[in-house]
Amino acid sequence: MLNRLLMLKLWLLVIVVAKTLLMNSPAYGQIIQTNPQQPESFQERIRQQQDEQNQQTQEQMKETWLRLNLQEPQLQQQQRIQQQEFSRQRQEMIRQQQFRLQQQETRLQQQEFSRQQQLRIQDQQLRQDQQIRQQQELRLQEQRQQQQLRQQKGNL
């Protein structure tokens with residue numbers, strides 16, 4: 001796209017230069033000057049118009065040159081700045097996505113740790129419950145045995 005724009009500007013510059021050269025050529029001026037049928041004032045007015053057109057063409061050439069040599073680098077620099085800003089924003093977005101992924105992974109690890117901890121606590125509670133049941137069963141057995149011994153002693 002930049003090449004097309006540059007080519008278009010070059011063609012415009014070539015057209016302006018060609019127009020200027022044609023108007024400034026001696027043959028063009030001689031045609032007007034050597035026409036004896038026209039009065040001197042008319043020829044003078046045409047010469048003034050030619051001078052004005054030459055001046056306008058030169059000013060257009062200056063403007064075109066200024067645009068090509070001053071504005072084009074500014075546009076290129078502006079485009080570079082925009083590309084850099086776009087790249088910076090893209091990098092920032094990627095960094096934020098990575099940060100969110102890390103946070104999510106950390107949360108998942110914390111949840112897994114909590115789940116494991118809960119499983120250990122439940123396992124510990126189950127073992128304590130089993131120990132309590134075993135102790136209760138042992139007491140019940142002792143109580144039954146003592147009761148049986150009392151009954152046996154009472155029967156004797």
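The values are calculated or read from the model by the stated rules, or taken from the named source; none is laboratory data. As the structure is a prediction and not an experimental result, all values here were calculated from the model. Because the Cβ atoms are built from the backbone with ideal geometry, glycine has one as well, and the counts that use them run over all protein chains shown. What goes into the accessible areas is simple: the full protein's heavy atoms, side chains included, and nothing from ligands, DNA or RNA. Shrake-Rupley method; radii C 1.70, N 1.55, O 1.52, S 1.80 Å.
Below is a table of values for the structure above.
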quantity: Where a residue in the range 57-86 is touching a residue at least 40 places away in the same chain (Cβ under 8 Å) and its partner, wherever it lies, is among the hydroxyl-bearing types (Ser, Thr, Tyr), with Cβ under 8 Å and at least six apart; calculated: THR57/THR20; MET61/THR20
quantity: Test: residue in the range 62-85 that is open to solvent by 80 Å² or more (accessible area, probe 1.4 Å) and over 30 Å from LEU12 (Cβ atoms); calculated: yes
quantity: Options ARG133, ARG115, ARG150; residue that is modelled with pLDDT under 95 and farther than 30 Å from LEU21 by Cβ; calculated: ARG150
quantity: Unique match (being within 30 Å of VAL16 (Cα to Cα), among the β-branched types (Val, Ile, Thr) and at pLDDT below 85) among THR64, THR57; calculated: THR64
quantity: In the range 45-65, the residues that are within 45 Å of the chain's Cα centre (by Cα) and among the polar types (S, T, N, Q); calculated: GLN56, THR57, GLN58, GLN60, THR64
quantity: Some residue of the range 4-25 being at pLDDT below 80, basic (Lys, Arg) and over 41 Å from the mean Cα position of the chain (by Cα); calculated: yes
quantity: Which listed residue is open to solvent by less than 90 Å² (accessible area, probe 1.4 Å), of a type in the set (Lys, Arg) and part of a helix (DSSP H, G or I), from ARG90, ARG150, ARG120, ARG47; calculated: ARG47
